[in-house]
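The values are calculated or read from the model by the stated rules, or taken from the named source; none is laboratory data. What you see is a predicted model; the values in this text were computed from it and never measured. For neighbour counting, all protein chains shown are included, and Cβ atoms are generated from backbone atoms with ideal geometry for every residue, glycine included. Areas reflect the complete protein model, heavy atoms only, side chains present, ligands, DNA and RNA absent. Shrake-Rupley method; radii C 1.70, N 1.55, O 1.52, S 1.80 Å.
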Amino acid sequence: MLDLGRLRALHAVAVHGSVGAAAAALGFSPSAVSQQIAKLERETRTTLLERRGRGVRLTDEAHQLAATAEQLLAIVEEAEVRLEERRGLPSGRLSIGCFASAARGLMPRVLAELATRHPALDARLTEVDPHISVELVERGVIDLAVAHDWDIAPMPVPPGVEHAVIGDDLCDVLVPRDHPMAARASVRREELADERWITQPPGSVCHDWLMRTLRATGYEPRIVHQAEENHTQVALVAAGLGIALVPRLGRGTLPPEVTPIRLDPMPTRRLHALWRTGAARRPAITETVRTLRELWPEVSAPI
């Protein structure tokens, strides 16, 4: 009899590409995941992981077993949904993937509210990039994702995944306080052609939006600094090293050296909750989505 927990560990490595990433997603240590897979190798008398440099690769047999594990996990999920549905109360473990600024600005309130209202619900948060969170939901690695898209770049939702809008997050241009435009209430995109930009690295949703939007005005943005964290971008602006487009969610209080300016038209990114269609009846899902939408107005007030 194959152990489901060990199959889950193998499936996570197959999805995330490494033992370390799988451990982070599952909430375990890398050594615990390695031990689970080692026991699975002994049970199956099959080599599942092979060393490759500093990492590992799955063998052909491991890929086949991981695919079977995905099917088994889906069956277990359906059983759990039916049981929770019969009880009518949110309960059990709920894994949530969320991008950084929402993990900072929204999820602490949501998780605390869920813990108070539903003590039988074990909600667990993992910070993940919005580019991959939808795929993680689709593949059953996480139960619920909080992701975002932009007004000019809607997020594709694959078959078998449902979603609900949480709310719209507004964005401002942040400039140093001694910038020539700092005293203005708003600025148009065409006026920023000669600016030095601070943004996230290529491949991120925010970086891609900035490049597409500014190129549409007829000029190539001059990117001088790249930082993943919004707080780092704010610090670089405060040092007078450029300007940045930063969403309000999770931004916190700006230092006195930084001035926000309205960009006309104002960019918005829309937050979504996503879950698998098969889990739509689960009270833990419906209650978490309801709580996300209920608390959104409190955390999205203009700064």
Given the options ALA74, PRO30, PRO119, identify the residue whose Cα lies farthest towards the positive end of the charge dipole of the range 15-145 (+1 on Cβ of Lys, Arg; -1 on Cβ of Asp, Glu). PRO30
Rounded to the nearest 10 Å², the accessible area of HIS131 using a 1.4 Å probe with every protein chain kept is 100 Å²
Once Lys and Arg are counted +1 and Asp and Glu -1 for all other residues with Cβ under 12 Å from that of LEU94, the total becomes -3
Just read off the accessible area of ASP172 with the full protein assembly in place, 1.4 Å probe, to the nearest 10 Å². 10 Å²
Once CYS206, CYS98 are ranked on solvent-accessible area with the largest value leading and a 1.4 Å probe, the list reads CYS206, CYS98
Nearest-10 value in Å² for the accessible area of ASP194, using the 1.4 Å probe: 130 Å²
Could you check what % of the DSSP bridge pairs in the chain are antiparallel, to the nearest 5? 60 percent
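Counting only protein chains, not ligands or nucleic acids, how are THR116, THR291, THR47 ordered by accessible area (probe 1.4 Å), most first?
Final ranking, largest accessible area leading: THR116, THR47, THR291.
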From a point 7 Å beyond the Cα of GLU220 in the direction of its Cβ, which residues of the range 230-257 have a backbone N at a distance under 17 Å? none
Counting alpha carbon pairs within less than 8 Å and at least 6 residues apart, what relative contact order, in whole percent, applies to the range 106-243? 21 percent
Connecting C-alpha atoms closer than 10 Å in a GNM of the chain, tell me which of PRO260, PRO221, PRO247 has the biggest fluctuation. PRO221
Here the gain from full extension of GLU190 to ARG281, 0.36 nm per residue of separation minus their alpha-carbon distance, amounts to 28.0 nm
